[in-house]
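What follows is a single structure, written as structure tokens, with notes after it.
The values are calculated or read from the model by the stated rules, or taken from the named source; none is laboratory data. Quick caveat, the model's predicted, so the values are computed rather than measured. Glycine also receives a Cβ, built like all others from the backbone with ideal geometry; neighbour counts cover every protein chain displayed. The accessibility values were calculated without ligands, DNA or RNA, using every heavy atom of the protein model including side chains. Shrake-Rupley method; radii C 1.70, N 1.55, O 1.52, S 1.80 Å.
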Amino acid sequence: MSGTADTIRLTTTQALVRYLAAQFVEIDGETVRLCAGGFGIFGHGNVTCLGEALYNHREELPLYRGQNEQSMAHAAIAYTKKHLRKRFMFASASAGPGTTNMLTAAALAHANRLPILMLCGDTFNTRLPDPVLQQVENFYDPTLSVNDAFKPVTRFWDRITHPAQIINSLPNAIATLLDPADCGPAFIGMPQDVQGWAFDYPVSFFEKKIHHMRRQPADAREMADAATAISNAERPVIIAGGGVQYSGATSELQAFAEKHQIPVIETIAGRANFLHSHELNCGPVGVTGSDSANYLAEHADLILAVGTRLQDFTTGSWTAFAKDAQLVTLNVGRFDAGKHLAKPVVGDAKLCLPLLSTRLGSFQGSKDWVQTAKSERKKWDAYVDDNVAPNSPDGSNRPMSYAQVIGAVNRLCDTDDRVVAAAGGLPAEVTANWRTKSLSSVDVEFGFSCMGYEIAGGWGARIAQSEKSPENDTIVFTGDGSYLIMNSDIYSSVLTNKKMIIIVCDNGGFAVINKLQNNTGNKSFNNLIEDCNIVGEPFAVDFVAHARSMGAAAEIIQTIDEFDGAFERAKASNRTYVISLKVDAYEGWTKQGHAWWEVGTPEVSDSADVRDAHADWESSRHRQRKGV
């Protein structure tokens, strides 16, 4: 590699990889590589040039071969979530369908404010060989390719048309991945010819750089306004979102709540902000929440929302709060802090909570309010005790349910095991019934609610977990529907010796959507396998045989009484272990803890059931806060 004393001649991709390998971050006093490596599926659009560069840095930036581009990107996202956004991984795909397969993962990362670097092949910059393999030609704009589809679902997007451009582009991409407010996916499109073009890069561009996580202070006037609003409240409640964990502010939040005696309720992303045993932890809030948290949300005169984007499942489509309740938001992102005409405090939670506490002085929520919160929490605990129990209160058997399985895992798992769930009915059931044993130990992906994230995300989470606590387990809850959509990273986990425990709850189809279908007056149609357009009798997939074919250990159990033994065997296993079981599609759902959720229902219909359901659904709309 030629050059001068101050430059080095490299190809575009050689320079890109060398730069990534030189980026470090300080976490809890330890300096580690910012980019922990990546995932890749090679094709003609990335193997010859990027592949060559990655091979020469395979020790510094380990590369995992994915089985599916979307799933490997999910794994990268789950990795960074386990690291609370302080480290990231890249995902690389060839030009064409390999790249477009990652669109869903980009949207998931964008919705959840999670960093991932996507390095994807592109068409030729010179256009001389056009049209090339896998090129989608645009008749009116020859500069467009399928890579432009990523623009709406990325925080940073660039196409490198000259090798020198990465000197500007890569630092901007890294800055986006690390930005507490603008964090999200970064996409770099690399035309196949430009990947191999060479340039004399400044040697200083590749010097080791140690990054530090930025902490943004709040405006003094915003802090003063927030403190005034809180100090005038009698029944305040804190909604704690996932941003609390990304800020590293769980201790500060606990100290704030304890000093000022304010009950805390959690969002789905904010599960595991507080331990279950904490007396001010009053449960999850919203559509898939708890009666205790929803009672507090409804009766609070002030809501302090910390580190949450206030998604509809948190706000009950904005019916969960009294219309005259004051909303105060503490969020590092201006976009999220300013929702619904809240009094915003734009700043870092770890930095701002102690300062806000100082401004509040000796203020505390009323004793009656705190006692009410504890009483409501006690009632919810009793409900969950019954909900997760193997048998009915009268001792009779009942169908195996999500809640029973979740309760059994919760009882048997180790304190620092990690739990992963995503779409379907399981996020609601995990959110409602899980009792947090350790902080930041729950990953329920419900920002994008992406079927297929579960197993892939479990693999990525386990890669991260094995770096610091290999003695613990990553436990994945998935339904049969999500399993069938994306399961190949069972194979990946066995190949890479990244053991997971996967609980497959088979309810014969997309049962939670069937439930929504029925609840809106519709007949079961095209959700449960038995209600689909099939020929012959419906049959279940043999998930045990399927998992074993990919190298996992697996077994099926028939009753909840068999679960403890199966889980013990899974714990003892040295490779990925799948436990398959059947849960009832109609019975056993968590029936309490729900807030109203706005879904579109037919205003007119030939069905009386649909008309009645529409009227019933709309009867709660009057409680909805309309933008304020």
Out of the residues in region 244-299 that are in a loop (DSSP other than H, G, I, E, B) and open to solvent by 20 Å² or more (accessible area, probe 1.4 Å), which is nearest to residue 426 (Cα to Cα)? 269
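When you look at residue 593, is it on the phi > 0 side of the Ramachandran plot, modelled with pLDDT of 95 or more and not aliphatic (A, V, I, L, M), yes or no?
Against the criterion (on the phi > 0 side of the Ramachandran plot, modelled with pLDDT of 95 or more and not aliphatic (A, V, I, L, M)), residue 593 qualifies.
Among the candidates 423, 428, 408, single out the residue that is modelled with pLDDT under 95, open to solvent by less than 30 Å² (accessible area, probe 1.4 Å), within 22 Å of residue 508 (Cα to Cα) and of a type in the set (A, V, I, L, M).
Values: 428 fails: modelled with pLDDT under 95; 408 fails: modelled with pLDDT under 95.
Result: 423 is the single residue among 423, 428, 408 that is modelled with pLDDT under 95, open to solvent by less than 30 Å² (accessible area, probe 1.4 Å), within 22 Å of residue 508 (Cα to Cα) and of a type in the set (A, V, I, L, M).
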Need the failing condition index for residue 619 against (1) hydroxyl-bearing (Ser, Thr, Tyr); (2) open to solvent by 60 Å² or more (accessible area, probe 1.4 Å); (3) touching a residue at least 40 places away in the same chain (Cβ under 8 Å), just the number. (3)
Of the residues in region 330-385, those that are acidic (Asp, Glu) and either open to solvent by less than 10 Å² (accessible area, probe 1.4 Å) or in a loop (DSSP other than H, G, I, E, B) (or both) number 1
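Suppose we keep only residues that are within 22 Å of residue 349 (Cα to Cα) and part of a helix (DSSP H, G or I) within region 171-192. Which one would you say is most open to solvent (accessible area, probe 1.4 Å)? Explain how you work it out, then say what you get.
Narrowing region 171-192 to residues within 22 Å of residue 349 (Cα to Cα): 175-184.
Keeping just the survivors that are part of a helix (DSSP H, G or I) gives 175-178.
On the way: 175: 51, 176: 21, 177: 3, 178: 25 Å².
Filtering region 171-192 for residues that are within 22 Å of residue 349 (Cα to Cα) and part of a helix (DSSP H, G or I), the one most open to solvent (accessible area, probe 1.4 Å) comes out as 175.
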Region 46-82, residues that are in a loop (DSSP other than H, G, I, E, B) and within 19 Å of residue 492 (Cα to Cα): 58, 61, 62, 66, 67, 68
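Which one of these is without any contact (Cβ under 8 Å) to a residue 12 or more places away in the chain and in contact with an Asp or Glu (Cβ under 6 Å, 6 or more places away or on another chain): 152, 131? Step through it out loud before you land on a result.
Numbers: 152 fails: in contact with an Asp or Glu (Cβ under 6 Å, 6 or more places away or on another chain).
When all the criteria are applied, what remains is 131.
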So which residues in region 527-554 are in contact with a helix residue (DSSP H, G or I) (Cβ under 6 Å, 6 or more places away or on another chain) and surrounded by fewer than 19 Cβ atoms within 10 Å (Cβ to Cβ), if there are any at all? 538, 551
Among the residues of region 187-213, the number that are closer than 16 Å to residue 13 by Cβ and in contact with a Phe, Trp or Tyr (Cβ under 7 Å, 6 or more places away or on another chain) is 6
Options 255, 240; residue that is out of contact with any helix residue (DSSP H, G or I) (no Cβ under 7 Å at 6 or more places or on another chain) and in contact (Cβ under 8 Å) with a residue 12 or more places away in the chain: 255
Filter region 88-97 down to residues that are open to solvent by less than 20 Å² (accessible area, probe 1.4 Å) and out of contact with any Cys (no Cβ under 8 Å at 6 or more places or on another chain), then give me how many there are. 2
By residue number, the members of region 6-35 that are of a type outside the set (Lys, Arg), in contact (Cβ under 8 Å) with a residue 60 or more places away in the chain and over 15 Å from residue 190 (Cβ atoms) are 6, 7, 8, 22, 23, 24, 25, 26, 27, 31, 34, 35
Name, by its number, the condition in (1) within 30 Å of residue 247 (Cα to Cα); (2) among the aliphatic types (A, V, I, L, M); (3) buried (at least 19 other Cβ atoms within 10 Å of the Cβ) that does not hold for residue 146. (1)
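Considering region 193-237 alone, what residues qualify as being of a type in the set (S, T, N, Q) and surrounded by 23 or more Cβ atoms within 10 Å (Cβ to Cβ)? If you could, list the steps in order and put the result at the bottom.
We begin by selecting, within region 193-237, every residue of a type in the set (S, T, N, Q); these are 195, 204, 216, 228, 231-232.
Within region 193-237, just 195 meets the criteria.
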Considering region 386-405 alone, what residues qualify as being assigned to a loop (DSSP other than H, G, I, E, B) and either of a type in the set (Phe, Trp, Tyr) or closer than 18 Å to residue 506 by Cα (or both)? 390, 398, 399, 400, 401
Run residue 168 past the list (1) open to solvent by 50 Å² or more (accessible area, probe 1.4 Å); (2) touching a Leu at 6+ places or on another chain (Cβ under 9 Å) and report the number of the one that doesn't hold. (2)
List the number of the failed condition for residue 617; all other conditions in (1) touching a Ser or Thr at 6+ places or on another chain (Cβ under 6 Å); (2) part of a loop (DSSP other than H, G, I, E, B); (3) closer than 30 Å to residue 341 by Cα; (4) of a type outside the set (S, T, N, Q) hold. (2)
Restricting attention to region 149-165, and to residues there that are out of contact with any strand residue (DSSP E or B) (no Cβ under 8 Å at 6 or more places or on another chain) and surrounded by 14 or more Cβ atoms within 10 Å (Cβ to Cβ), which single residue is nearest to residue 310 (Cα to Cα)? 153
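Please state which one of 85, 127 is under 26 Å from residue 308 (Cα atoms), part of a loop (DSSP other than H, G, I, E, B) and open to solvent by 10 Å² or more (accessible area, probe 1.4 Å). Can you show your working first?
Working: 127 fails: under 26 Å from residue 308 (Cα atoms).
Going through 85, 127 in turn, the sole match is 85.
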Is region 29-39 home to any residue that is open to solvent by 30 Å² or more (accessible area, probe 1.4 Å), basic (Lys, Arg) and modelled with pLDDT of 95 or more? yes
